[in-house]
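Let me begin by presenting the structure, written as structure tokens, before commenting on it.
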Amino acid sequence: MQRSWLARHFGWIQRDLRSAFTALKQLDTWILIGLVLGFVVIAIYVMRLALRSDTMLRALHPAMALCRELGDNAVAFMFVGMIFFGLTVLATLGEFLGYVDAKRRHAHHATRSALRGAAGWGAAAIVLGLAVVVFLDSRCV
């Protein structure tokens, strides 16, 4: 049977959408989406607090200056903390994807190991992100 020109050249879109909807029926996909959204919420909240304490923005809008200025040590702590937060988020997502792959291959030992790694890295990422949030929030009124 001859396929139409549209199906020959753009049929991959239909196949990709079908596989995406199939993936949305799996619990692992929703857990991954939840992890990403949780980490994004922490990062946005940190960025919001950091921008409230920025010297330049405080100078431009004095009425919105709700946070004290950060010293050099505080800026270094926040910068390094967010770098490590980003690295631990990547490690968490990588371990979780390793867990999903090992589960698909029925590798039980690798599944447990990857799940432990994802939980550990995830806990570390949450602790780092919340530490920066608490630190910045303590400097704001």
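Sorted on the mean count of surrounding Cβ atoms within 10 Å across their residues, most packed first, peptides 15-27, 108-120 read 108-120, 15-27. Look at the alpha carbon pairs under 8 Å that are at least 6 residues apart: their mean separation over the length of the stretch 27-138 gives a relative contact order of 33 percent. The GNM of the chain, with springs linking C-alpha atoms under 10 angstrom apart, assigns the highest mean-square fluctuation among Gly122, Gly34, Gly86 to Gly34. The candidate values were (i) 44; (ii) 56; (iii) 62; the one computed from these coordinates for percent of Cα pairs over 20 Å apart carries the label (iii).
Over all pairs of different C-alpha atoms, the stretch 1-49 has a mean inverse distance whose reciprocal, the Kirkwood radius, equals 13.7 Å. Relative to the first principal axis of the alpha-carbon coordinates of the chain, what is the inclination of helix 5-23, with its axis defined by its Cα atoms, in degrees from 0 to 90 and to the nearest 10? Orientation of helix 5-23: about 60 degrees from the principal axis.
Once the Cα atoms are used to define both axes, helix 27-52 deviates from the longest principal axis of the chain by about 20 degrees. Relative protection proxy for 68-79, 123-134, 95-106, from highest mean packing down: 123-134, 95-106, 68-79 (other beta-carbon atoms within 10 angstrom). Overall, the stretch 27-138 carries a charge dipole of about 320 debye about its Cα centre when +1 sits on the Cβ of Lys and Arg and -1 on the Cβ of Asp and Glu, all other atoms neutral.
Laboratory data are not the source of any read-out in this text; all were calculated from the coordinates shown. Just so it is clear, the model here is predicted, and its values are computed rather than measured. FYI the Cβ positions are ideal-geometry reconstructions off the backbone, even for glycines, and counts take in every protein chain you see.
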